[in-house]
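J.: One structure follows; several queries about it will come next.
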Amino acid sequence: MYIGRFQPLHKGHIHSLLWCMDKVDELIVAVGSSDKSFELRNPFTAGERIEMIRNFLKREAKHKLEKTILIPVPDIGTHILWSYNLDLLVPRYTTVFTNDPFTIMLFEQRGKDIVRPTMINRDRISATEVRNMIACDKDWQELVTSSTVELINELKGVERIKKLYNLTKIIQ
């Protein structure tokens, strides 16, 4: 199982997803914080993020689409319970692919096997950086796939992120 928020899906996610897919027969992709959207940190809905992943796979890695299960996973108030709640939502799994230290801690405590996927340009490619670049009118498109650019544009995601960024500045 590979866990991420994908807010939005970027080339670093793609690299890790494809790396994970090469290691297993079937990959569960848990789209985290599925209950959150229209927030600066979580601007896209779970459905929109699932669409980003599916669009990439359909266009660029069609042969991997059939071995991928995409499941939205909401947050709950108690972190350790979240990891058990996740088990109610996804098929059985033996390995958790993640580089997130907190997620590693939760699943190691439960005795799950943890594998850290390889990452590329982590210092430059992150969803936070993509959102910040969008909000500041910088060239963000090079950090995501063409299918993600297209979907963000269809969803008026640039405008959404800029509005959320401005609302956050007003509230502070």
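J.: Restricted to the stretch 130-145, and to residues that are touching an Asp or Glu at 6+ places or on another chain (Cβ under 9 Å) and in contact (Cβ under 8 Å) with a residue 24 or more places away in the chain, which residue is farthest from GLU48 (Cα to Cα)?
T.: Step one: list which residues in the stretch 130-145 are touching an Asp or Glu at 6+ places or on another chain (Cβ under 9 Å), which gives 133, 140, 143, 145.
Add one more test, that the residue is in contact (Cβ under 8 Å) with a residue 24 or more places away in the chain, and what stays is 143, 145.
Values: LEU143: 18, THR145: 15 Å.
So the residue we want is LEU143.
J.: With respect to GLY47, determine if the residue is crowded, with 23+ Cβ neighbours inside 10 Å and either small (Gly, Ala, Ser) or farther than 22 Å from ASN99 by Cα (or both). Break it down into steps so the answer makes sense when it comes.
T.: Values: crowded, with 23+ Cβ neighbours inside 10 Å: no; either small (Gly, Ala, Ser) or farther than 22 Å from ASN99 by Cα (or both): yes.
For GLY47, the condition - crowded, with 23+ Cβ neighbours inside 10 Å and either small (Gly, Ala, Ser) or farther than 22 Å from ASN99 by Cα (or both) - is not met.
J.: A further question follows. Just for the stretch 110-119: of the residues that are of a type outside the set (Asp, Glu) and open to solvent by 70 Å² or more (accessible area, probe 1.4 Å), which one is farthest from PRO8 (Cα to Cα)? I'd like the intermediate steps shown before the answer.
T.: Within the stretch 110-119, the subset of a type outside the set (Asp, Glu) is 110-112, 114-119.
Narrowing the set further to residues that are open to solvent by 70 Å² or more (accessible area, probe 1.4 Å) leaves 116, 119.
Values: ARG116: 20, MET119: 16 Å.
If we take residues in the stretch 110-119 being of a type outside the set (Asp, Glu) and open to solvent by 70 Å² or more (accessible area, probe 1.4 Å), then ARG116 is farthest from PRO8 (Cα to Cα).
J.: Name the pairs: first residue in the stretch 96-109 and over 18 Å from HIS13 (Cα atoms), second residue part of a loop (DSSP other than H, G, I, E, B), Cβ to Cβ under 9 Å, at least 6 apart or on different chains?
T.: So the pair list comes out as LEU106/LYS112; PHE107/THR98.
J.: Then there's this: Can you work out which of the residues in the stretch 129-143 that are closer than 14 Å to HIS13 by Cβ and not β-branched (Val, Ile, Thr) is most open to solvent (accessible area, probe 1.4 Å)?
T.: Filtering the stretch 129-143 for residues that are closer than 14 Å to HIS13 by Cβ and not β-branched (Val, Ile, Thr), the one most open to solvent (accessible area, probe 1.4 Å) comes out as GLU129.
J.: What pairs can you find where one residue is in the stretch 36-47 and within 13 Å of ILE152 (Cα to Cα) and touching a residue at least 40 places away in the same chain (Cβ under 8 Å), the other is open to solvent by less than 60 Å² (accessible area, probe 1.4 Å) and outside any loop (DSSP other than H, G, I, E, B), and their Cβ atoms are less than 7 Å apart, with a gap of 6+ or different chains?
T.: PRO43/ARG131; PRO43/GLY157; PRO43/ARG160; PRO43/ILE161; PRO43/LEU164; PHE44/GLY157
J.: I'm trying to understand the selection: among the residues of the stretch 149-165, which are within 19 Å of PHE56 (Cα to Cα), without any contact (Cβ under 8 Å) to a residue 12 or more places away in the chain and surrounded by 15 or more Cβ atoms within 10 Å (Cβ to Cβ)?
T.: Listed by number, the list holds a single entry, VAL149.
J.: Scanning for something open to solvent by less than 50 Å² (accessible area, probe 1.4 Å), more than 24 Å from THR45 (Cβ to Cβ) and in contact with a Phe, Trp or Tyr (Cβ under 9 Å, 6 or more places away or on another chain), does the stretch 120-128 turn up at least one residue? Steps first, answer last, please.
T.: Our first condition is that a residue be open to solvent by less than 50 Å² (accessible area, probe 1.4 Å); within the stretch 120-128, this holds for 125-127.
Now restrict to residues that are more than 24 Å from THR45 (Cβ to Cβ): none.
No: zero hits.
J.: Continuing with the same structure: With open to solvent by 60 Å² or more (accessible area, probe 1.4 Å) and among the aliphatic types (A, V, I, L, M) as the only criterion, which of LEU81, LEU57, LEU86, LEU40 stands out?
T.: LEU81
J.: Could I ask something else about it? Could we say that ILE134 is hydrophobic (A, V, I, L, M, F, W, C), within 10 Å of PRO43 (Cβ to Cβ), in contact with a Pro (Cβ under 6 Å, 6 or more places away or on another chain) and part of a helix (DSSP H, G or I) here? Before you say what the answer is, go through the steps one by one.
T.: Details: hydrophobic (A, V, I, L, M, F, W, C): yes; within 10 Å of PRO43 (Cβ to Cβ): yes; in contact with a Pro (Cβ under 6 Å, 6 or more places away or on another chain): no; part of a helix (DSSP H, G or I): yes.
It is false that ILE134 is hydrophobic (A, V, I, L, M, F, W, C), within 10 Å of PRO43 (Cβ to Cβ), in contact with a Pro (Cβ under 6 Å, 6 or more places away or on another chain) and part of a helix (DSSP H, G or I).
J.: A further question follows. With (1) surrounded by 15 or more Cβ atoms within 10 Å (Cβ to Cβ); (2) small (Gly, Ala, Ser); (3) modelled with pLDDT of 95 or more as the list, and SER146 as the residue in question, which single condition is left unmet?
T.: It is condition (1) that SER146 fails.
The values are calculated or read from the model by the stated rules, or taken from the named source; none is laboratory data. In this text the structure is predicted, and so the values were computed from the model without any measurement. We place every Cβ from the backbone using ideal geometry, glycine too, and count neighbours over all the protein chains shown. Quick note on the areas: whole protein, heavy atoms, side chains included, nothing else; ligands and nucleic acids left out. Shrake-Rupley method; radii C 1.70, N 1.55, O 1.52, S 1.80 Å.
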